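First comes the structure, then the notes that go with it.
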Amino acid sequence: MGITKKPYKFMECEKREEKQFESMECGTSFTDSGTLGKHQRTHTGEKPFKCMECGKSFGWSSNLRIHKHTHTGEKPYKCKECGKSFSQIGHLKNHQRTHTGEKPYKCMECGKSFTDSGTFRKHQRTHTGEKLFECMECGKSFIDGTALRIHQRIHTGEKPFKCLECGKSFSTNRRLNIHHKTHTGENLFKCMLCDKSFTESRKLRIHHRTHTGEKPYKCIDCGKRFRHSETLRKHQWTHTGEKPYKCMDCGKSFCGKSFGWSSNLRIHKHTHTGEKPYKCKECGKSFSQIGHLRNHQRTHTGEKPYKCMECGKSFTDSGTFRKHQRTHAGEKQFKCMECGKSFSQSRNLRIHQRIHTGEKPFECLECGKSFSTKRGLNIHHKTHTGEKPFECMLCDKSFTESRKLRIHHRTHTGEKPYKCKECGKRFSQTGHLRNHQRTHTGEKPYECMECGRSFTDSGTFRKHQRTHTGEKPFECMECGKSFIDGTALRIHQRTHTGEKPFECMECGKSFTSNGAVKRHQWTHSGEKPLKCMECGKSFIERRDLRTHHRTHTGEKPFKCKECGKSFNRSGTLRKHQWTHTVEKPFKCMECGKSFIDGTALSIHHQTHTGEKPFKCKECGKGFTNVGNVRRHQRTHTGEKPFKCMECGKSFIDGTALSIHHQTHTGEKPFKCKECGKGFTNLGNVRRHQRTHTGEKPFKCMECGKSFIDGTALSIHHQTHTGEKPFKCKECGKCFTNVGSVRRHQRTHTGETI
């Protein structure tokens with residue numbers, strides 16, 4: 001029989017206590033061959049001791065004996081001080097040192113002391129950088145075998161530690177023990193400063209640092225300090241770009257390390273499975289993370305444990321609290337390398353960077369629309385489900401987000417917590433305050449690449465971009481009409497439902513939008529808060545002031561693509577475009593006549609009802625619209641505010657001035673399609689066309705006679721009433737129309753006709 005070669009060598013020595021047996025694999029030495037033989041199994045992978053209960057194998061018989069305690073629940077080693085039991089004698093010895101305070105293992109490098117040799121050895125490797133235990137699956141290395149075994153369960157999916165209360169399984173015994181405390185409510189480790197309790201001594205130690213301000217872990221790259229090592233490790237990946245835990249479903253990578261950060265990967269997987277294992281006992285709502293459930297439960301209890309020492313404001317979760325603290329410090333440590341904008345959170349920076357990259361990683365499975373944030377996708381989902389879980393207790397209005405409900409509540413309370421330091425104006429939302437502050441600074445950070453126009457806020461900028469693309473993504477389900485934004489769609493939908501939720505407190509009149517009721521209220525107060533710096537004229541709406549400015553600058557930014565004519569407002573351009581398409585979408589239900597806009601239809605309706613709601617305060621004459629009554633009032637005041645720059649002649653309205661301009665230019669842009677004759681305005685060409693068609697749409701209700709236009713009908717009416725409203729100032733003679741009085745006046749002046 002040949003001699004078997006042994007995988008170790010015997011060394012000559014003087015003392016028996018020396019380690020004579022060295023491993024050929026790794027060089028580790030042992031005092032006896034038996035211990036060396038057991039050690040060799042770590043290299044060969046041999047596990048000769050098998051558990052009959054679960055089939056698990058072990059390299060040492062003592063490990064098998066200890067393992068059996070997990071099946072029997074036996075913990076034979078009891079602490080005499082506190083009564084706590086342990087499955088291993090070594091664990092009891094280490095525990096007893098927590099009572100005595102003994103830490104016999106001291107590091108010569110940094111002076112730190114430890115209660116047990118295993119933790120001490122692991123700590124020494126943090127100085128040497130030694131990681132002896134390598135994973136065969138992914139190549140990752142670890143400072144001890146236990147960490148390697150726990151890591152390997154990520155690959156195998158093994159969770160051998162099962163809770164007997166609820167059946168949940170865990171990859172480590174430590175996590176099972178921590179979980180048990182959720183059933184027992186046990187919090188053994190209490191902070192002496194604030195009475196807060198913890199399930200682990202490690203968490204208590206970390207918590208203490210919130211009182212002492214201690215941040216012992218420093219980043220070698222940027223000098224930033226952290227309260228615990230895991231946060232430092234995570235931070236260091238922002239320098240290296242390392243993302244070791246990759247999702248196999250979508251390819252997304254996560255910044256996490258050790259087992260604690262693979263939990264981020266597990267949480268992420270819920271977005272694929274839809275699993276929300278944490279359920280609120282109060283309202284039944286489910287969450288993918290235990291932390292989210294805890295924060296949610298505080299909405300029921302009203303608990304806000306995180307209080308700001310600066311302003312006294314309280315918060316339900318630590319993340320929101322930390323964000324708030326940065327508003328006092330002004331700290332924005334995360335800077336975008338593209339545009340230089342800074343953020344108080346790295347998450348906000350990542351979301352912002354998607355503006356530059358165009359990345360929208362969150363896709364709706366219903367319609368395919370993509371979003372740059374998960375929150376944006378969740379809110380969008382509710383447009384498919386119709387879900388509005390947040391209901392106002394005062395008016396029963398519902399919202400898709402709790403944030404929107406909070407803002408809505410302020411419409412009832414009148415609360416405007418955000419104040420402008422420049423002018424003292426207050427706002428109900430912080431975003432509105434930011435936009436307002438730019439009116440003081442003149443900042444318009446959002447520039448359109450198409451036309452160069454700049455905007456103070458992103459929402460108005462996005463809406464503007466749609467004027468170039470023609471995109472109208474918000475469609476009415478009733479009539480199919482599309483809109484540039486959601487607000488316009490909501491206001492439009494009220495034309496179908498008849499809803500007018502905004503009521504004037506002065507007269508009780510209701511309106512479809514908040515803006516409309518505000519504008520109306522100024523008619524009671526007479527307030528016109530927006531003043532033109534050129535001429536002093538005041539306006540109720542900023543939009544009207546902008547349009548008015550164009551009368552000074554001559555700017556006409558809205559151009560017709562058909563004929564090249566330009567206009568100073570978009571609405572006038574739209575109406576003009578209908579003259580090319582002959583589209584008249586607004587139809588009268590009484591007579592079938594069609595109009596190019598709703599205003600013209602409303603005015604026309606009054607010809608059926610006889611309603612003339614706008615009265616002149618001087619003579620009591622009624623008019624169908626406010627523009628006509630304003631023009632009429634100028635006949636009393638003699639005001640002619642529209643002046644011709646060519647000859648100095650003045651007119652009572654802009655239309656008359658425009659027609660007059662054509663006497664200088666000779667322009668007659670409105671052509672008759674029958675004979676080609678030109679006219680200075682659209683009304684004249686319409687009247688002329690009736691001479692070709694024979695149409696006389698204006699009928700006298702007294703005698704049935706018809707006329708080509710409303711002016712001729714009005715003059716004819718006076719033959720029935722005997723009214724002669726136009727009087728000669730020289731002799732007092734009266735006439736039925738202004739043309740007749742003008743001709744008569746020439747008999748006094750001797751002017752040749």
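Using the heavy atoms of the protein chains alone and a 1.4 angstrom probe, what is the accessible area of the chain per residue in square angstrom?
Ligands and nucleic acids excluded, the result is 69 Å² per residue.
For region 91-190, what D do you get in µm² per second when you plug the Kirkwood radius from alpha-carbon pairs into Stokes-Einstein at 20 °C and 1.002 mPa s?
Approximately 133 µm²/s, per Stokes-Einstein.
Taking the alpha-carbon distance from K559 and a cut-off under 17 Å, which aspartates and glutamates remain once sequence neighbours fewer than 8 residues away in the same chain are dropped?
Leaving aside aspartates and glutamates fewer than 8 places away in the same chain, those within reach of K559 are E450.
Would you mind counting up the charge near C392? Only other residues with Cβ under 12 Å from its Cβ, with Lys and Arg at +1 and Asp and Glu at -1.
Spelling it out: positives minus negatives among the neighbours equals +3.
Enumerate by residue number the GluC sites (Glu not before Pro) in region 320-420 meeting two conditions: DSSP loop (anything except H, G, I, E, B), and at most 14 other Cβ atoms within 10 Å of the site's Cβ.
Filter output for region 320-420: E331, E338, E359, E366, E387, E415.
May I ask you to work out the translational diffusion coefficient for region 512-623 at 20 °C, viscosity 1.002 mPa s, via Stokes-Einstein with Rh from the Kirkwood sum over Cα pairs, reported in whole µm²/s?
It comes out at roughly 125 µm²/s.
With all protein chains present, how much of the accessible area of the chain (probe radius 1.4 Å) comes from carbon and sulfur, to the nearest whole percent?
It is 49 percent, rounded to a whole number.
What nm value, rounded to one decimal, do you get for the distance between K587 and C26 when each label is placed 7 Å out toward the C-beta?
A separation of 8.8 nm, rounded to one decimal place.
Going down the table (K444/K500; K640/K727; K313/K388), which pairs top 23 Å between alpha carbons?
Distance filter (> 23 Å) returns K444/K500; K313/K388.
Distance cut-off 31 Å, Cα to Cα: go down the list K224/K404; K463/K518; K323/K425; K369/K584 and report the pairs above it.
Listed pairs above 31 Å: K224/K404; K369/K584.
Taking the Cα atoms only, what angle lies between the long axis of helix 598-609 and the longest principal axis of the chain, rounded to 10 degrees?
With rounding to tens, the tilt is 50 degrees.
May I ask you to give the average projected area over all directions of the convex hull of the Cα atoms of region 623-753, in nm² rounded to one decimal?
The number I arrive at for region 623-753 is 10.6 nm².
Please go through region 112-199 and write out the GluC sites (Glu not before Pro) that DSSP classes as loop and that have at most 16 other C-beta atoms within 10 Å.
Hits after loop and neighbour filter: E130, E137, E158, E165, E186.
Using bins 10 angstrom wide from zero, how does P(r) for region 577-684 break down, in % of all Cα pairs?
Cα pair-distance distribution for region 577-684, in percent: 12, 28, 35, 22, 2.
How big is the charge dipole of the chain about its Cα centre, in debye rounded to the nearest 20, if each Lys and Arg gets +1 on its Cβ and each Asp and Glu gets -1 on its Cβ?
The calculation lands at about 840 debye.
Averaging the inverse of every distinct alpha carbon separation and then flipping it gives the Kirkwood radius. What is it for the chain, in angstrom units?
35.8
Return, for the Cα atoms of region 412-506, the radius of gyration and Dmax in Å, separated by a comma.
When restricted to Cα atoms, region 412-506 yields Rg and Dmax of 17.1, 46 Å.
What aspartates and glutamates does K705 reach when the alpha-carbon gap must be under 15 Å and sequence neighbours fewer than 8 apart in one chain are set aside?
Leaving aside aspartates and glutamates fewer than 8 places away in the same chain, those within reach of K705 are E695.
May I ask you to derive the FRET efficiency for C563 and R410 from their Cβ-Cβ distance with R0 = 41 Å, giving the value to the nearest 0.05?
Result of the calculation: an efficiency of 0.25.
The values are calculated or read from the model by the stated rules, or taken from the named source; none is laboratory data. Computed from a predicted structure; not experimentally measured. Neighbour counts are summed over all protein chains in view; Cβ atoms, including those assigned to glycine, are modelled from backbone coordinates with ideal geometry. What goes into the accessible areas is simple: the full protein's heavy atoms, side chains included, and nothing from ligands, DNA or RNA. Shrake-Rupley method; radii C 1.70, N 1.55, O 1.52, S 1.80 Å.
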